[in-house]
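What follows is calculated from the coordinates using simple rules that are stated; it is not laboratory data. Predicted model, so just to flag it, every value in this text is computed and none were measured. Reconstructed Cβ throughout: ideal geometry from the backbone, glycine too, with neighbour counts over all protein chains shown.
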Amino acid sequence: MTVDAIVGRLESGMTLGIGGWGSRRKPMALVRALLRSDVTDLTVLSCGGPDVGLLAAAGRVRKLVAPFVTLDSIPLEPHFRAARERGALELVELDEAMFLQGLTAGAQRLPFLPVRAGLGSDVLRVNPALRTVTSPYADGEELVAVPALRMDAAVVHLDRADALGNGQYLGPDPYFDDLFCEAADTAYVTCERIVATAELTRDAAPQTLLVSRYAVTGVAETPGGAHFTSCAPDHGRDEAFQREYATAARTPDTWRAFTSRFLSGTDEEDYRTAVRSWHEEQR
């Protein structure tokens, strides 16, 4: 598939999961394609980074379920912060372990899973809909019952994939990408390169085969599709451009100029051309 074809299957009002972690291995080409569409009113599940920031800045997010929203080297995603300060979206904030258990419950089609995370913290105060359960065994321990996190669709970016949808990560961390795919009704993989199935394990350990084809609806080859986030070992984070992105968020005028230059094109190639031109100007 292409990223535009994937976005063509998404609809307003959907619950959308976005893989990656902070400013690492985000399916940014697909997020940019979403911005070119009229899809809106989304409930987004994400270990948030600029994916959440861009969608929030464009007013496409109605509700966000996330443990954090960060650019990593810049601690707080500026557009997320601005959206929260003006009350532009509803936030369900979960501890990372609770988010993991919610995705796991969704992947296993369970209504909830118990976890100790959150007990004794303000997570339960700011999320009054969360419930606790008591262990039915002799210990009688009280635990948080994290509801399943299910999605209409999920999108992830990986280093390699085959045409069948088997996806491989080659960097240091799988994040939760496999669970996003398994907990969604439909899942789409963008990747740096599509290769023959036999190549996936030729020079890499079998455990790098993170996403299995049974959980994938479509795959799109999108070199550099994670930019400006990292996709190790294929490329690192474009820190200079990330700083430009964060700086542009400071005022409406600077953000309009940024979107006009980098996000107003008709396709991903227009974005890449604009970024290359910007980097040449910085030399």
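Summary of packing: across the peptides 239-251, 147-159, the per-residue average of other C-beta atoms within 10 Å ranks them, highest first, as 147-159, 239-251. Each of Lys63, Lys26 was scored by other Cβ atoms within 10 Å of its Cβ. Arranged with the fewest first, they read Lys63, Lys26.
Between the alpha-carbon centres of segment 158-217 and segment 1-74 there is a gap of 19 Å.
The label-point distance for Thr254 and Asp41, in a model that sets each label 7 Å from Cα toward Cβ, rounds to 3.5 nm. At q = 0.13 Å⁻¹, what is the base-10 log of I(q)/I(0) for the chain according to the Debye formula with one equal point scatterer per Cα and no solvent? Please give it to two decimals. Relative scattering, expressed as log10 I(q)/I(0), comes to -0.86.
Calculated over segment 202-275, the projected area of the Cα convex hull averaged across directions stands at 7.2 nm². In order along segment 127-137, phi translates into HN-Hα couplings of 10, x, 6, 5, 10, 10, 10, 9, 4, x, 9 Hz, rounded to whole numbers, per the Karplus curve 6.51 cos²θ - 1.76 cosθ + 1.60 with θ = phi - 60° and x for Gly and Pro. Checking the a/c ratio against 1.5 first, then a/b against b/c, what shape does the Cα gyration tensor give for segment 124-283? In terms of gyration-tensor shape, oblate. In plain terms, the residue of Arg213, Arg109, Arg25 with the fewest other Cβ atoms within 10 Å comes first and the most crowded comes last, giving Arg109, Arg213, Arg25. Placing dummy labels 7 Å off each Cα toward the beta-carbon, the span from Ala240 to Arg213 is 4.2 nm.
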